[in-house]
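The structure appears below as structure tokens.
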Amino acid sequence: MVVHSAAERVLAGLDPEQRSAVTAPAGPVCILAGAGTGKTRAVTSRIAHRALTGDISARHVLAVTFTARAAAEMRARLSALGVGGVQARTFHAAALRQVRYFAPRLLEGRAMPELLDSKVRVVTLAAAKVGLRADRAAARDLAGEIEWAKSSLVEPGEYVVAAAKALRETPYEPAKVAEVFDAYERLKRGNGVIDFEDMLRAAVWGIEEHADVAEQVRGQYRHLVVDEYQDVNPLQQRLLDAWLGGRDDLTVVGDASQTIYSFTGATSSYLVDFPRRYRGATVVRLVRDYRSTPQVVGLANAVISQARGAEARLRLELHGQRPPGPEPDLRIFTDEPAEANAVAARCRALIDGGTPAREIAVLFRTNAQSEAYEKALTEAAVPYVVQGAERFFERPEVRQAMIALRAATRSIPGETPLPAAVVEGLAAVGWAPDAPPAGGAARERWEALAALVQLAEEYAATPEVVPIGEAVAIERPVTLGDFNEELARRAAQQHVPTVEGVTLASLHSAKGLEWDAVFLVGLAEGTLPTTYAKTPEQVEEERRLLYVGITRAREWLWLSYAAARSPGGRARRPSRFLPQLDRSGGGERAGGGTARRTERRRAQVVSCRICGATLLAGADRKLGRCPTCPSDLDEELYERLHEWRRRVAGAQKVPAYVVFTDATLTALAERKPGRTEELIAIAGIGPRKLGLYGDTVLALVAGAGVDEVCPQKSFEI
């Protein structure tokens, strides 16, 4: 009786879909869980409910996920539900535990090989053996290729064909990568070490090739649960199959729309194909979003509704469960510095308004974008922390570049224009202003140094003013020495330790996290989607990245892009994934219709008179400012306008909004037009209303009383 009441308590508070997942019968269960729908609660409640009703023993459950943090959360929730003994671990931790346990039996008394913390050192040696001088970034990219191959069950001799089939963008010619891969494997064996993929393979080998090991493992783990199933790679699936041994008491939970790690070998195909592989599987869809407001959920749905490909077959339309909140804030800025400064100012305002800094995040596509936001937040006195990456000025390539630029002051003529001097100085660390190299780490390194060049261009655009007399001054071009001092100043400012701050993170590293307020920045074509996304599948993954970013926000969401990288730079288009921006008519992608209609839409774009952002919503265009920018409303004028509108509407027997909407009255009371030209600049006041009410409104703005412009008796019936 006590047991069953405990099981009933587990079901308390679950929504109908969660309850269906928890109470599904033993056997294959696939939980398709959208962002913020309570997937962890559902899967832990399922384990607890089965254990408390006696359907299973908790010690026979193995729950695997991808991060130690997620595994710890699972254990904590199960403990809170009164269930202990469940093994909740990452794939690697579970495999390592088993390999260590069975090592004396499998290795016949030999010591277990040492596990490599990182492949980079051995990869560097392997590259040298085949005639390649790989710097740290190149070695990281080679290590990434080897990890992808091994996770995809590809051997060195199969790499060239497999890489071509997978359309891999390799850091070197594929045959050379295969040589490095082979040399790496040989070096490992010679040194008696293994990597993480070897350890997973050892766990598979132990079960597949040793019946006694298989019997013991499968006797221990009879019920398996896999979180984030869309991120499983072929090697992990092989291990999962080995654990199962043909059984089907398996619960998986995942969201195909959050598949964003395919470059590592992860594939959502196992999630997509689950009902086909396990005939009669129970499939439950969790669609009630408890994390985000309906406004944020609506935008997420709009973005993912355009998805194509295999993952799109399992996309979920989420339903926001929180009370309504503010509409997502969509902004366009002239250039990236203006965008970063506006973001920093808004962060400062949020913090001053009571939002904890730790509940704010600025998310971008690549780590190289962080520098502009580190600088802007520093200047706005906003503390920040960088998630999943080093701060810009702490990166090895940036530190090396700063050393090279200081050395270059001794060899580069002082009259050399600053941008050219920086490019010449960076040649010493192997940087050249041509197309970035292939490979993620090498490209990130290139982009970080390119950010220094861009910074130099911006810095050079503001010559130093040098006084030479009481009323005379000249402009002195900034030199490489000046620039080095500026870099040192920025580096020193950003080394100040912070206990709590605004999170700066890439979209990839933000997955699994959430904040009250989220800024999604740099949403321009060429950045999101990146120019390196060339196939339809790669473009769709970029769309899913934006979807993941949107669904990190609980309440307040800002999306922005800069029309140019730097002041006066080449114009860019907004990301194709933003339907609201696309329909705004603010650029070349203004949708549908004739060229004439497109030009008319472009002409309607209005900038905020306070912060300069492009205004997209109709009400914002009327006000001439962003809804979050401070209002300078003349309340006394607003009251007179409101009373005048009431009288006119009553006389005309029409609703008040037919005369002027509330937004138009607010705009009039804020902007206080003094001339006809200023009056018609307010959206909502066209030629007809100008003729009907223009002179009267201008008189009211100038201070006239309502009785002066429309005496009460003239409106009596």
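Can you pull out the residues in segment 354-384 that are under 18 Å from residue 553 (Cα atoms) and not acidic (Asp, Glu)?
354, 355, 356, 357, 358, 360, 361, 362, 363, 364, 365, 384
One line per residue, one yes/no per condition, for (1) more than 30 Å from residue 425 (Cβ to Cβ); (2) modelled with pLDDT of 75 or more; (3) buried (at least 21 other Cβ atoms within 10 Å of the Cβ):
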site: 459; (1), (2), (3): no, no, no
site: 464; (1), (2), (3): no, no, no
site: 473; (1), (2), (3): no, no, no
site: 476; (1), (2), (3): no, no, no
site: 482; (1), (2), (3): no, yes, no
site: 492; (1), (2), (3): no, no, no
site: 510; (1), (2), (3): yes, yes, yes
site: 544; (1), (2), (3): yes, yes, yes
site: 555; (1), (2), (3): yes, yes, no
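Rundown of residues vs (1) more than 21 Å from residue 310 (Cα to Cα); (2) charged (D, E, K, R), yes/no style:
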residue: 226; (1), (2): no, no
residue: 242; (1), (2): yes, no
residue: 246; (1), (2): yes, no
residue: 255; (1), (2): no, yes
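Do the conditions hold for residue 100, that is, is it assigned to a loop (DSSP other than H, G, I, E, B), at pLDDT below 90 and not hydrophobic (A, V, I, L, M, F, W, C)?
no
For segment 372-379, check the following and say yes or no: at least one residue is closer than 15 Å to residue 517 by Cβ, of a type outside the set (Val, Ile, Thr) and either open to solvent by 20 Å² or more (accessible area, probe 1.4 Å) or touching a residue at least 60 places away in the same chain (Cβ under 8 Å) (or both).
yes
Scan segment 229-265 residue by residue and report those that are more than 19 Å from residue 198 (Cβ to Cβ), out of contact with any strand residue (DSSP E or B) (no Cβ under 7 Å at 6 or more places or on another chain) and open to solvent by 10 Å² or more (accessible area, probe 1.4 Å).
231, 245, 246, 247, 248, 258, 261, 262, 263 - these are the residues of segment 229-265 that are more than 19 Å from residue 198 (Cβ to Cβ), out of contact with any strand residue (DSSP E or B) (no Cβ under 7 Å at 6 or more places or on another chain) and open to solvent by 10 Å² or more (accessible area, probe 1.4 Å).
For a quick check of your reading of the model, give me the residue pairs whose first member lies in segment 482-494 and is under 13 Å from residue 408 (Cα atoms), whose second is modelled with pLDDT of 75 or more and not in a helix (DSSP H, G or I), with beta-carbon atoms closer than 7 Å and at least 6 apart or on different chains.
That search, which allows pairs on different chains as well, returns 484/409.
Could you check segment 40-85 and list, in sequence order, the residues that are assigned to a helix (DSSP H, G or I) and polar (S, T, N, Q)?
Listed by number, the residues that qualify are 40, 44, 45, 79.
For segment 50-72, enumerate the residues that are modelled with pLDDT of 90 or more and closer than 27 Å to residue 257 by Cβ.
Within segment 50-72, 62, 63, 64, 65 meet the criteria.
Taking segment 219-229 as the region of interest, how many residues are part of a helix (DSSP H, G or I) and at pLDDT 95 or above?
Count: 1.
What tally of residues in segment 308-363 results from selecting those that are assigned to a loop (DSSP other than H, G, I, E, B) and either open to solvent by 50 Å² or more (accessible area, probe 1.4 Å) or under 24 Å from residue 511 (Cβ atoms) (or both)?
Number satisfying all stated conditions: 19.
Which ones in segment 144-163 are hydrophobic (A, V, I, L, M, F, W, C) and in contact with a Pro (Cβ under 7 Å, 6 or more places away or on another chain)?
153, 160, 163
Considering only segment 235-278, state which residues are in contact with a Cys (Cβ under 6 Å, 6 or more places away or on another chain) and farther than 24 Å from residue 219 by Cβ.
Scanning segment 235-278 gives a single hit, 274.
Does any residue in segment 8-28 that is in contact (Cβ under 8 Å) with a residue 40 or more places away in the chain and crowded, with 19+ Cβ neighbours inside 10 Å come within less than 9 Å, Cβ to Cβ, of a residue that is among the small types (Gly, Ala, Ser) and in a helix (DSSP H, G or I) six or more places away or on a different chain, and which pairs are these?
Short answer, once both residue conditions are applied: 10/45; 10/48; 17/42; 18/42; 18/45; 21/42; 21/45.
The conditions are (1) open to solvent by 50 Å² or more (accessible area, probe 1.4 Å); (2) under 21 Å from residue 513 (Cβ atoms), and residue 276 fails exactly one of them. Which is it?
Only one criterion is unmet by residue 276, namely (2).
Can you name the residue in segment 512-533 that is of a type outside the set (Val, Ile, Thr) and not in a loop (DSSP other than H, G, I, E, B) and, of all such residues, is most open to solvent (accessible area, probe 1.4 Å)?
Among those that are of a type outside the set (Val, Ile, Thr) and not in a loop (DSSP other than H, G, I, E, B), it is 516.
Determine the pairs where a residue that is basic (Lys, Arg), located within segment 644-664, has a partner that is assigned to a loop (DSSP other than H, G, I, E, B) with Cβ atoms under 9 Å apart, the partner being 6 or more residues away or on another chain.
645/660; 647/710
Is it true that some residue in segment 446-457 is open to solvent by 30 Å² or more (accessible area, probe 1.4 Å), modelled with pLDDT under 70 and within 33 Å of the chain's Cα centre (by Cα)?
no
Going through segment 118-165 one residue at a time, which ones are within 29 Å of residue 431 (Cα to Cα), in a loop (DSSP other than H, G, I, E, B) and open to solvent by 50 Å² or more (accessible area, probe 1.4 Å)?
118, 131, 133, 135
Restricting attention to segment 237-261, and to residues there that are of a type in the set (A, V, I, L, M, F, W, C) and in a helix (DSSP H, G or I), which single residue is nearest to residue 537 (Cα to Cα)?
The selected residue is 256.
Of the numbered conditions (1) open to solvent by 10 Å² or more (accessible area, probe 1.4 Å); (2) more than 28 Å from residue 167 (Cβ to Cβ), residue 536 satisfies every one except a single condition; which is it?
Evaluating residue 536 over (1) open to solvent by 10 Å² or more (accessible area, probe 1.4 Å); (2) more than 28 Å from residue 167 (Cβ to Cβ) leaves (2) as the failure.
In segment 46-81, how many are surrounded by 15 or more Cβ atoms within 10 Å (Cβ to Cβ) and under 23 Å from residue 25 (Cα atoms)?
21
Being among the aromatic types (Phe, Trp, Tyr) and open to solvent by 20 Å² or more (accessible area, probe 1.4 Å) is the filter here, so list the residues in segment 654-692 that pass it.
Scanning segment 654-692 gives a single hit, 657.
The values are calculated or read from the model by the stated rules, or taken from the named source; none is laboratory data. Being a predicted model, the structure only gives us computed values, none of them experimental. Heads up, the Cβs are rebuilt from the backbone with ideal geometry, glycines too, and the neighbour counts pull from every protein chain shown. SASA here: full protein model, heavy atoms, side chains in, ligands and nucleic acids out. Shrake-Rupley method; radii C 1.70, N 1.55, O 1.52, S 1.80 Å.
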